[in-house]
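Notes for the one structure printed next.
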Amino acid sequence: MRADIDALIEWFQSNGGTVDLRAIGITEFPGSGRGAVALCDIPTDHTLFSLPRVLTLSTRTSPLPQLFGLDKWRAHNLHKGWVGLILCMMWEDACAHEQGIGIPEAGKWTPYIYSLPETFDTPMFWSEYELEELKGTGVVDKIGRQDAECAYHESLIPAVKAVPSLFPPHHLQKWYTLEAYHCAGSRILSRSFTVSRWTSDDSAEEWSNNENNDTGVCNSESEPEDSVDNADTSLGSAMDVDELPPTSDDEDDPSDVAMVPMADLLNARWGCENAKLFCEPKILRMVATRSIKKGEQIFNTYGDPPNSVLLRRYGHVDLIPLNVDANNDFTRTTEINPYTDGAVSLTTLGNPSDVVEIKADLVVEVVRARWGTKEIGNDIEERIEWWLDEGGDDTFVLPHPNNLRRDTNSPYELPREFISFTRLLLPDADFESARKKGKLPKSKQPDAEVLGVLEEVLKNREAMYAGGTVEVRMDYPRSSFLWIDHVFPY
Ligand SMILES: C[S@@+](CC[C@H](N)C(=O)[O-])C[C@H]1O[C@@H](n2cnc3c(N)ncnc32)[C@H](O)[C@@H]1O
């Protein structure tokens, strides 16, 4: 690993990147692979490293789309989704290992390619037996193996076969296999960033690792250092002149998805962010967002997603000490820092961003089982339809009671929609009058009947998870709390 990292840093610096090697080192962290460590006390706002935009690897910076021919690229649907970037990564991999293929533009990212992982712990690579462990979580449905493989067979392979000068036929069985495709896809999934084109409207922006933002969120921070007049030329790639337009205005632009050498060596952990990548007209800059003590790990942020997302995209979960009181109940105290505060009873580990998703179907099932058609009537489908027409969701999301970022000590509250929907289904709900008034049932203060349904829904929901028993206790209205133990694996 050392040789790869040393070669990466040398390549990085000789191609316009800067690294403060007095402040940051790359080392192995047990359980999380390579990561960055502070070699001295680092003050807030210190630049740890920076790189020109052209050193990022995306369909905008790779020479491949141009060499392939932009019209042909589009005709093969390589401008949609991640398949184009996956092909660029596979091509770079082939070029790096085959010592170039006689094309001068090939092989620019070779030391970077050598630094990338070749195996992954994500569920994409789990056996059926192993996936059983995820039963009940939202992960399994979101792995997307079939869709990914469809793009491989329908777009990537025909494209590769169409241009033998770029993809020599004897490379196909080695560098363009389904396995290599999944490897490139997983590298993107776990390491890419969203790096938009610099526009004259932009100020310096912070960009979180792509993982954190399925939504592609970026936050405005400060003014750019360089005048925006220089911004266009700063991109400097061949793609500046004639590049692929975004698919459409309201879709995420796939050419914004970029591999960012060095930045992707930083790990992340819930609530531990102390560095972040900022986007400027000519460069990307990794900056300390807090003071970091010598010896501490330098953490980027992946957006503190729930463990379901961490596992699916990165192959790990965050298990941090949760706030629990002497009775092993979650507390809502917001001031306590679970990493440093010795006063906290640390008996439970988890990820405060975890949620439980409850499908509306499950509520319907419980209501049906409890009362039957005779009591609730024949119009349950109609009620559901009206609920959806009124903009109601078909899934309710229960946040973790221990989410410390919720700046409140108020009791745990069930999502109001969840209560309102349940009330709508009950036999005594005045559906006709609600529909006439166009008003959904009240969502505050659930009564005993609603709570009875909700308790059963939660028990049934818990039983869907593989393994372990869960205790669901409801203590309402005495304390106005709903206590749910261990029901938050993902
Ligand atoms: C962006 S890379 C970070 C660098 C990576 N550790 C390496 O060795 O190249 C993301 C990967 O790092 C690992 N990782 C990051 N944060 C972690 C954490 N808190 N716990 C365990 N593994 C982590 C996961 O394997 C994840 O897929």
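Assessment of the stretch 103-113 against the conditions (farther than 26 Å from Leu266 by Cα, more than 16 Å from the ligand (Cβ to nearest atom) and of a type outside the set (A, V, I, L, M)) yields at least one matching residue. Going through the stretch 54-82 one residue at a time, which ones are open to solvent by less than 10 Å² (accessible area, probe 1.4 Å) and either at pLDDT below 95 or in a helix (DSSP H, G or I) (or both)? Hits for the stretch 54-82 are Leu55, Leu64, Pro65, Phe68, Trp73. In the stretch 266-282, the residue that is farthest from Gly185 (Cα to Cα) out of those that are more than 8 Å from the ligand (Cβ to nearest atom) and open to solvent by 40 Å² or more (accessible area, probe 1.4 Å) is Lys282. Residues in the stretch 116-132 that are surrounded by 12 or more Cβ atoms within 10 Å (Cβ to Cβ), over 30 Å from Asp4 (Cα atoms) and in contact with a helix residue (DSSP H, G or I) (Cβ under 9 Å, 6 or more places away or on another chain): Leu131 alone. Scanning the stretch 286-301 for residues that are open to solvent by 20 Å² or more (accessible area, probe 1.4 Å) and within 12 Å of the ligand (Cβ to nearest atom) turns up Gln297, Phe299. Beta carbons closer than 8 Å, at least 6 apart along the sequence or on distinct chains, pair a first residue in the stretch 108-132 that is in a loop (DSSP other than H, G, I, E, B) with a second that is charged (D, E, K, R) and modelled with pLDDT of 90 or more for Lys108/Glu92; Trp109/Glu92; Leu116/Arg187; Leu116/Arg191; Pro117/Arg187; Thr122/Arg312; Thr122/Arg313. Apart from one condition, Leu21 fits all of (1) surrounded by fewer than 19 Cβ atoms within 10 Å (Cβ to Cβ); (2) near the ligand (Cβ under 10 Å from one of its atoms); (3) of a type in the set (A, V, I, L, M); the exception is (2).
For the stretch 394-435, filtered to residues that are exposed (fewer than 14 other Cβ atoms within 10 Å of the Cβ) and hydroxyl-bearing (Ser, Thr, Tyr), the residue that is modelled with the lowest pLDDT is Thr408.
The values are calculated or read from the model by the stated rules, or taken from the named source; none is laboratory data. What you see is a predicted model, and the numbers here were worked out from it, not measured in a lab. All Cβ positions, even for glycine, are placed from backbone atoms using ideal geometry, and neighbour counts span all protein chains on display. Quick note on the areas: whole protein, heavy atoms, side chains included, nothing else; ligands and nucleic acids left out. Shrake-Rupley method; radii C 1.70, N 1.55, O 1.52, S 1.80 Å.
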